[in-house]
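Structure first, commentary second.
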Amino acid sequence: MNLLPQLCVKKKHSSIRVAVDLVKAGEVEAVVSAGNTGASMATAKFILKSIEGIERPAIASIMPSVHRKHPFVLLDVGANTDCKPLYLFQFALMGDAYARTYLHLENPRVALLNNGEEEGKGYLDLKETYDLLKQSTLNFVGNIEGKAMFRDKVNVVVCDGFVGNIALKVAEGTFDFVPSILREKGKKLILSKFGYWQ
């Protein structure tokens, strides 16, 4: 679990290395690991290589939407903390392909996670990414703020791994926090009806 990524690649008998070797041999179709994310990604990239035209792998997460009409793909959620505009553009391509293949969407709506919806928002790399996405054949709908991600507006949300990991962890925490608050409020409401709570 605590092995450095470069050591996992070299350790031919580590569980991650053995699992990825099985994918390469065609004996299994996928690897699920509870191990170190960096080690898993490094091993997969070293053994399986990248898809042609994709320089960096990304970690995607399928996220629920408020109205539950359809989930959306959020990527990257932790593989790459420092991204060039080209990497973010390639994440959008992968997210679009995933949404078409596994969410069965004909023309997924792709958005760039940013601190505002306006075209000129964000730091330089995000502005350059915006331009790349706007010029592409993807169904790019522009920037999206974090608060709007869950509102069924988009199918793919693109960001770097640092921002994506924070967004994922905040969502996980919120999904845990809200039900506990509702349970507590519900108990207080019930107790107050019987005169036990003021």
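Bear in mind these aren't lab numbers, they're just calculated from the coordinates by the rules spelled out. Not measured: the values here are computed from a predicted model. Ideal geometry is used to build each Cβ from the backbone, glycine not excepted, and the neighbour counts take in all protein chains shown.
Give me the angle, in degrees from 0 to 90, between the Cα long axis of helix 15-24 and the longest principal axis of the Cα atoms of the chain, rounded to the nearest 10.
Orientation of helix 15-24: about 60 degrees from the principal axis.
Each label point is 7 Å from the Cα along the Cα-to-Cβ direction; what then is the distance between the points at Arg183 and Ile166, in nm?
Using points 7 Å along Cα→Cβ, the separation is 3.0 nm.
Within the stretch 16-39, list the residues whose amide N lies under 14 Å from a label point set 7 Å along Cα→Cβ of Tyr123.
What the label zone holds, given the 14 Å backbone N cut-off, is no residue at all.
Where the only charges are on Cβ atoms (+1 Lys, Arg; -1 Asp, Glu), what is the dipole of the stretch 1-118 about its Cα centre, to the nearest 20 debye?
On the way: 13 positive and 11 negative charges, 88 e Å.
Its charge dipole is roughly 420 debye.
Against the longest alpha carbon principal axis of the chain, how many degrees, from 0 to 90 and to the nearest 10, is the axis of helix 161-193 turned?
It works out to around 20 degrees.
Where the only charges are on Cβ atoms (+1 Lys, Arg; -1 Asp, Glu), what is the dipole of the chain about its Cα centre, to the nearest 20 debye? Present the calculation step by step, with values, prior to reporting the outcome.
Numbers: 25 positive and 21 negative charges, 166 e Å.
For the chain, the charge dipole is close to 800 debye.
So in the chain, what percent of DSSP beta bridges are antiparallel if you round to the nearest 5?
On the way: 4 of 15 bridges.
Bridges in the chain that DSSP calls antiparallel: roughly 25 percent.
Once R0 is set to 30 Å, what does the formula 1/(1 + (r/R0)^6) return for the Cβ-Cβ distance between His13 and Ile54, expressed as a FRET efficiency to the nearest 0.05?
Details: r = 29 Å, r/R0 = 0.96.
E(calc), rounded to 0.05, equals 0.55.
Extension gain Asn107-Met63, at 0.36 nm per residue separation less the Cα-Cα distance, in nm?
Values: separation 44, 0.36 × 44 = 15.84 nm, distance 1.82 nm.
Taking 0.36 nm per residue and subtracting the Cα distance, the gain is 14.0 nm.
Assuming a strict under-27 Å limit between Cα atoms, what lysine pair count do you get for the stretch 52-193 once near-sequence pairs (fewer than 8 apart, same chain) are dropped?
Lysine pairs satisfying the spacing and distance rule in the stretch 52-193 number 24.
Round to the nearest 10 and give me the degree value, 0 to 90, for the angle of helix 37-48's Cα axis relative to the longest principal axis of the chain.
30 degrees
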